[in-house]
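Note sheet for the following structure.
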Amino acid sequence: MAKANPLQEQLLKAGLVKKSKVSEVARQQTKARHGKAEAPAADIQRDAERARLEKVERDRALEAERKALARQSELKAQARQIIQDKKVPRTGDSEYRFTADGAIRTLLVDDDLRKKLSSGALVIARLGDRYELLPRAAGDKVRERDAGMIVLDHGQLGDATDATTSEDDAYYAQFQVPDDLVW
């Protein structure tokens, strides 16, 4: 039996407590001092369960991120495939200039392709380091998958600038533009 403290000895001599109760209290105190109490076992189990749940949550987040990246690369591949399949062959020797990535780019087109580009029937899409002409329907499909691949779409620009064009048209109506101007 563990050595009783002086208070316990006095209580035993006075007959206020039994020897079995004193020894039980002494065992509990010894266990508490040496860290063998039952309460920390429950804490360890709770910590282990919390760590397991955190790991499951991290794994779930990583898997969702991987799936999103896979889906994004799949959509880019689909957009590239649509551009390759639906591109319009370019003919002609007239230069059509447009801006892309802050620089002016040039495509050689004929008058028919130029009219279709300016009316919005054709769009210009980027395929790697090249630029291809696409019909409007194919351009819309590419835009659904990866909007960054569409470089120029005059049909889309007209929808976004309708509010400001009436003011601009009124102002610029006073200036004459030559009919043969091509830039």
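The values are calculated or read from the model by the stated rules, or taken from the named source; none is laboratory data. The model shown is predicted, which means the values in this text are computed figures rather than measured ones. So basically every Cβ, Gly included, is an ideal-geometry build from the backbone, and we count neighbours across all protein chains shown. Surface areas here come from the heavy atoms of the whole protein model, side chains and all, with no ligands, DNA or RNA. Shrake-Rupley method; radii C 1.70, N 1.55, O 1.52, S 1.80 Å.
Among the residues making up region 102-136, those that are assigned to a strand (DSSP E or B), aliphatic (A, V, I, L, M) and either modelled with pLDDT under 90 or surrounded by 12 or more Cβ atoms within 10 Å (Cβ to Cβ) (or both) are Leu107, Leu108, Val109, Leu122, Val123, Ile124, Ala125, Leu127, Leu133, Leu134.
Test each condition in (1) touching a strand residue (DSSP E or B) at 6+ places or on another chain (Cβ under 8 Å); (2) open to solvent by less than 60 Å² (accessible area, probe 1.4 Å); (3) more than 17 Å from Gly128 (Cβ to Cβ) for Ala51 and report the one that comes out false. Against the list (1) touching a strand residue (DSSP E or B) at 6+ places or on another chain (Cβ under 8 Å); (2) open to solvent by less than 60 Å² (accessible area, probe 1.4 Å); (3) more than 17 Å from Gly128 (Cβ to Cβ), Ala51 comes up short only on (1). Scan region 75-89 and give yes if some residue there is open to solvent by 80 Å² or more (accessible area, probe 1.4 Å) and more than 30 Å from the chain's Cα centre (by Cα), otherwise no. Among the residues of region 75-89, at least one is open to solvent by 80 Å² or more (accessible area, probe 1.4 Å) and more than 30 Å from the chain's Cα centre (by Cα), which makes the answer yes. Looking at region 93-101, can you tell me whether even one residue there is assigned to a helix (DSSP H, G or I) and surrounded by 10 or more Cβ atoms within 10 Å (Cβ to Cβ)? No: zero hits.
Residue count for region 90-102 satisfying the condition of being without any contact (Cβ under 8 Å) to a residue 12 or more places away in the chain and over 30 Å from the mean Cα position of the chain (by Cα): 0.
Condition test on Gly139, is it among the small types (Gly, Ala, Ser) and either modelled with pLDDT of 90 or more or in contact with a strand residue (DSSP E or B) (Cβ under 8 Å, 6 or more places away or on another chain) (or both)?
Criteria met by Gly139.
Tell me yes or no: at least one residue of region 19-34 is of a type in the set (Asp, Glu) and more than 30 Å from Asp146 (Cα to Cα). Yes, there is a match, as at least one residue in region 19-34 is of a type in the set (Asp, Glu) and more than 30 Å from Asp146 (Cα to Cα).
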